[in-house]
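Please read the structure below before turning to the comments.
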Amino acid sequence: MEAEVVIVGAGSTGLFTALYLTELGLEDIILVERSYIGSGSSGRCAGGIRASFSSKEHIVLMSESIKLWRELTEKFPEIGFRQKGYLWLLTREEQIDTSKNLVAFQNTLGVPTRIVSREGIEDIVPSIDLSDIIAGIYDPIAGKVYPFDVLYSLAHILRENGVEILTHTNVEEIVVSNRRAVAVRTSRGRIKVKGHLIVAAGVWSRNLLRAIGIDLPMEAEVHHILVTEEVRQFLDPLIIHVDTGAYMVQDPIGGVLMGVNIEDSYEDKLRADFLRKVARIWLKYFPQLRKVNLLRYWIGYYEVTPDHHPVIGSVPEYDNILVATGFSGHGFMMGPIVGLELSRMIIGREPYFKETKKLTIDRFARGELIEEKAVIG
Amino acid sequence: MKKETRVVCICNDVTLEEVEKIIHEEKLSDLESIKRRLRVGMGPCGGKYCINLILRMYPRLLGEDVRGKGDLELMVPKNRPPVKPIPMGLFEV
């Protein structure tokens, strides 16, 4: 087997990259996925999409990503991006001052977030019991998708276009020679890389790259998430409890997804204290959910870099390897813009945005970290 | 209304014909993907009925064009806890 472009990982990043490559007329692509499509972090996320971040890089790139999510949904309705907003709930006075600065910064970059009063919150989420909430930040351009609708419709579109997606195929080694990736050795044989190799394997990228001498400062963080049984649609935006970083969002089927960060979560084990913490936070504001059943609880990974920004682009050690990982919990939502930028790099063009160029791996060695504070869940 | 009504997943109302269509038209032949694409086994039963049912019909469902792709496709999808749905309020205490 051989392909012009070999992509390790069939998650959001890999699939969107392949999609934009096919739009450029490049269809000789093989995606290699160790398990099923979206089995890494993409299929485990809550499906929230926002540009209301604290760094210019995230705000600019995610604003573009949202445009692409809308565009793609117009073209392929099954992608199903629904622009229902994000609502950040504030419970302490000092959060309001910080929020005003953040909102002002986001506004200068074109993201129309705004502070809303208690009454304003009730207008957006009529079913909420306001309790100790004093105000909120509303991001009207944010939205949500159902991750598997996105992943499987992308896979279907790609396969129709002749792109090969090998599932249950593990990349065991990247074979390199003379500053080039020449092949990948997989559990189902060798695949020759004619042009470029893209490593978009989430947390699994680190060991693959380490074996060929690329040191990626990235840690796997275990995050916990649950979904309830289906209930009538009652919640438009994804909501965030700023004090704890807990989030809650209703999927298109009616299930309510909830997540919150818990202490010392390094092992991929389920934890009763997660269920207690997330229930205590959200049932206070939505007591009507007490009788609603918990349906499933699972974990997923954030592949976290020291500055909570991804690594996108070429690596100094090799001429034909591109890396896209380290999204620190935001990889699914960034998929479209990352895919678009990587497709540009593959055909030898500059990325569209200077913010993308700042996200190369050498920033760690140069000590030029970018900071992102608005990491939730 | 659905023309055929051989329901394999009673929680999410998925028919056998839908499963066959996904296998042959979208080339998704592993149960993990079929589960997530059609939401078979993602309802309140947690896959206890539907996944077993599909598993038993699997060799016939796969047919010629996707047969012999290896035993990995036969992996039974992971069951997510809880085994039986329980009210959220129980965790609040």
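Structure summary
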item: Residues of the range A:154-165 that turn out to be open to solvent by 30 Å² or more (accessible area, probe 1.4 Å) and within 11 Å of chain B (Cβ to nearest Cβ), as a count; result: 4
item: Search result, residues across the range A:223-244 that are in contact (Cβ under 8 Å) with a residue 60 or more places away in the chain, part of a loop (DSSP other than H, G, I, E, B) and open to solvent by 10 Å² or more (accessible area, probe 1.4 Å); result: A:Glu229, A:Val231, A:Phe234, A:Asp236, A:Val242, A:Asp243
item: Exclusive hit being over 20 Å from the mean Cα position of the chain (by Cα), within 14 Å of another protein chain (Cβ to nearest Cβ) and touching a residue at least 40 places away in the same chain (Cβ under 8 Å), set A:Tyr285, A:Tyr297, A:Tyr318; result: A:Tyr285
item: Subset of the range A:320-377 [assigned to a helix (DSSP H, G or I) and open to solvent by 30 Å² or more (accessible area, probe 1.4 Å)]; result: A:Leu340, A:Arg344, A:Met345, A:Lys354, A:Lys357, A:Asp362, A:Phe364, A:Ala365, A:Arg366
item: Inter-residue pairs, beta-carbon under 8 Å, first touching a residue at least 24 places away in the same chain (Cβ under 8 Å) and in the range A:123-138, second among the basic types (Lys, Arg) and not in a strand (DSSP E or B), 6+ apart; result: A:Asp129/A:Lys284; A:Leu130/A:Arg118; A:Ser131/A:Lys284; A:Ile133/A:Arg118; A:Ile134/A:Arg92; A:Ile134/A:Arg118; A:Ala135/A:Arg118
item: Hits in the range A:300-315 (condition: under 21 Å from A:Val182 (Cβ atoms) and either within 14 Å of chain B (Cβ to nearest Cβ) or open to solvent by 30 Å² or more (accessible area, probe 1.4 Å) (or both)); result: A:Ser314
item: Any hit, the range A:82-91, residues being open to solvent by less than 20 Å² (accessible area, probe 1.4 Å) and among the basic types (Lys, Arg); result: no
item: Unmet requirement for A:Trp282, which otherwise passes all of (1) touching a Pro at 6+ places or on another chain (Cβ under 7 Å); (2) open to solvent by less than 10 Å² (accessible area, probe 1.4 Å); result: (1)
item: Selected residue (criterion: nearest to A:Leu15 (Cα to Cα)) from residues of the range A:135-153 that are open to solvent by 10 Å² or more (accessible area, probe 1.4 Å) and out of contact with any helix residue (DSSP H, G or I) (no Cβ under 7 Å at 6 or more places or on another chain); result: A:Tyr146
item: Any hit, the range A:199-210, residues being open to solvent by 10 Å² or more (accessible area, probe 1.4 Å), under 30 Å from A:Arg280 (Cα atoms) and polar (S, T, N, Q); result: no
item: Verdict on B:Pro59 being open to solvent by 30 Å² or more (accessible area, probe 1.4 Å), within 13 Å of another protein chain (Cβ to nearest Cβ), farther than 20 Å from A:Ile157 by Cβ and not small (Gly, Ala, Ser); result: no
item: Residue check for A:Glu263: away from every other protein chain (no Cβ under 14 Å) and either in contact (Cβ under 8 Å) with a residue 12 or more places away in the chain or surrounded by 16 or more Cβ atoms within 10 Å (Cβ to Cβ) (or both); result: no
item: Failed condition for A:Lys291, given (1) in a loop (DSSP other than H, G, I, E, B); (2) over 20 Å from B:Gly43 (Cα atoms); (3) within 14 Å of another protein chain (Cβ to nearest Cβ); result: (2)
item: Some residue of the range A:131-152 being over 30 Å from A:Gly43 (Cβ atoms) and in a helix (DSSP H, G or I); result: no
item: Matching option when the condition is among the hydroxyl-bearing types (Ser, Thr, Tyr) and open to solvent by 40 Å² or more (accessible area, probe 1.4 Å), among A:Thr13, A:Thr98; result: A:Thr98
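The values are calculated or read from the model by the stated rules, or taken from the named source; none is laboratory data. Note that the structure is a prediction, hence the values are computed from the model and not measured. Counting neighbours? That spans all protein chains shown, and the Cβs are built from the backbone with ideal geometry, glycine included. Ligands, DNA and RNA are excluded from the accessible area calculation, which covers all protein heavy atoms including side chains. Shrake-Rupley method; radii C 1.70, N 1.55, O 1.52, S 1.80 Å.
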